[in-house]
Every structure is written in C-alpha cells, then in structure tokens.
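Quick notes on the structure that follows.
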Amino acid sequence: MFFGSFVHNLDNKGRLVIPSKMRDELGAKAYILKGYDGALSIYKEADFVALMEEVKSLPFTKRNARAHLRVQLASVCELDIDKQGRALLPTQLLNKYKIGKEVIVIGALDHIEVWNRSDYEAYEKAADSSFEDIAEELEDND
C-alpha cells in the first residue's frame, strides 16, 4: 500500500527518484499512465494487471467507455526502475500532462501519483479547505 507525499525534482533526463519508502513495494518494473486531476499514475505490475481487468469490463459499445479506454490505454508506458531507484518518465507524458521539473509524489493506496508541484499544491489547498464536508458527503453515500 502506498501513502505519504514527497517533493522531488526530475533530473535533466526526466528521471524520477522513486521515494525509498515506495521503492521496494513497486519493484523493478512498473507502468505509468494518465491519472486523474492532472496527475500521472504509476502502478506496480500486479496492480496494473488488476486495473486492466477492470478496464476490460467496460462496455465497449458505450461511447464514454470507448473514450475513457482509448485515452487511458494510449498513455500507458512501461517503466524500468534502476538499482538507484530511478525511473525515466516518458517525455511525451511529461509534456502532454504538463509535469514540470518540480514534482510531488503521492501514495494513493494501490498506485503512486506524480503531480506537477504547483498544480498539486493548488489542488490540495482546495480539497483541504472542504475536507470535513467531503468526508461527510462520502459517508452519506453509504
């Protein structure tokens, strides 16, 4: 399980040092893809396979399912993590989703999110200001 937040800088080649607390669980091979709210998501292999099983259940006859599936799957790239815990993030994903040199790495239970630092700080500020209201609304949906 991934949790916590870590501020990092990508190096000049676009490599991210995976936080040491996440490194062992992630393993040497992972997958990166478009996440939600402007983040990139990194999944360890087993959780990526589980995600793909969920995606397979979407009804391809539905327009929104096709759109979601196509956009998400087109963004998938395999990541190799070297012995120093670095992963080369694909330039096309960094550019397309506006991930700059300064990033925040967030643990999100079954995956890791990589955010442009300023984007995450703005997102967190907005979400934090209504934290209790959001929690109450989620409780009401049970």
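The values are calculated or read from the model by the stated rules, or taken from the named source; none is laboratory data. Computed from a predicted model, the values in this text were never measured in an experiment. In this analysis, Cβ positions are derived from the backbone assuming ideal geometry, glycine residues included, and neighbour counts consider all displayed protein chains. Areas reflect the complete protein model, heavy atoms only, side chains present, ligands, DNA and RNA absent. Shrake-Rupley method; radii C 1.70, N 1.55, O 1.52, S 1.80 Å.
Going by what's in this entry, would TYR43 be described as at pLDDT 95 or above, under 24 Å from ARG23 (Cβ atoms) and open to solvent by less than 70 Å² (accessible area, probe 1.4 Å)? Lay out the reasoning, then the answer.
Details: at pLDDT 95 or above: yes; under 24 Å from ARG23 (Cβ atoms): yes; open to solvent by less than 70 Å² (accessible area, probe 1.4 Å): yes.
Against the criterion (at pLDDT 95 or above, under 24 Å from ARG23 (Cβ atoms) and open to solvent by less than 70 Å² (accessible area, probe 1.4 Å)), TYR43 qualifies.
Of the numbered criteria (1) open to solvent by 80 Å² or more (accessible area, probe 1.4 Å); (2) under 16 Å from the mean Cα position of the chain (by Cα); (3) small (Gly, Ala, Ser), the one SER57 fails is (2). A residue that is modelled with pLDDT of 95 or more and open to solvent by less than 40 Å² (accessible area, probe 1.4 Å) cannot be found anywhere in the range 19-28. Among the residues of the range 83-97, those that are under 14 Å from LYS29 (Cβ atoms), in contact (Cβ under 8 Å) with a residue 60 or more places away in the chain and open to solvent by 20 Å² or more (accessible area, probe 1.4 Å) comprise ARG86, LEU88.
Please work out if LYS101 is open to solvent by 100 Å² or more (accessible area, probe 1.4 Å) and more than 23 Å from LYS13 (Cα to Cα). Don't jump to the end; show me each part of the working.
Numbers: open to solvent by 100 Å² or more (accessible area, probe 1.4 Å): yes; more than 23 Å from LYS13 (Cα to Cα): no.
Taking the combined requirement at face value, the residue does not satisfy it.
Within the range 15-32, can one find any residue that is among the β-branched types (Val, Ile, Thr), over 13 Å from the mean Cα position of the chain (by Cα) and closer than 24 Å to ASP119 by Cβ? Checked the range 15-32: at least one residue is among the β-branched types (Val, Ile, Thr), over 13 Å from the mean Cα position of the chain (by Cα) and closer than 24 Å to ASP119 by Cβ.
Of the residues ASP133, ASP119, ASP110, ASP80, which single one is closer than 24 Å to ARG15 by Cα, open to solvent by 100 Å² or more (accessible area, probe 1.4 Å) and of a type in the set (D, E, K, R)? Show your work before the answer.
Numbers: ASP133 fails: closer than 24 Å to ARG15 by Cα; ASP119 fails: open to solvent by 100 Å² or more (accessible area, probe 1.4 Å); ASP110 fails: open to solvent by 100 Å² or more (accessible area, probe 1.4 Å).
Among ASP133, ASP119, ASP110, ASP80, only ASP80 is closer than 24 Å to ARG15 by Cα, open to solvent by 100 Å² or more (accessible area, probe 1.4 Å) and of a type in the set (D, E, K, R).
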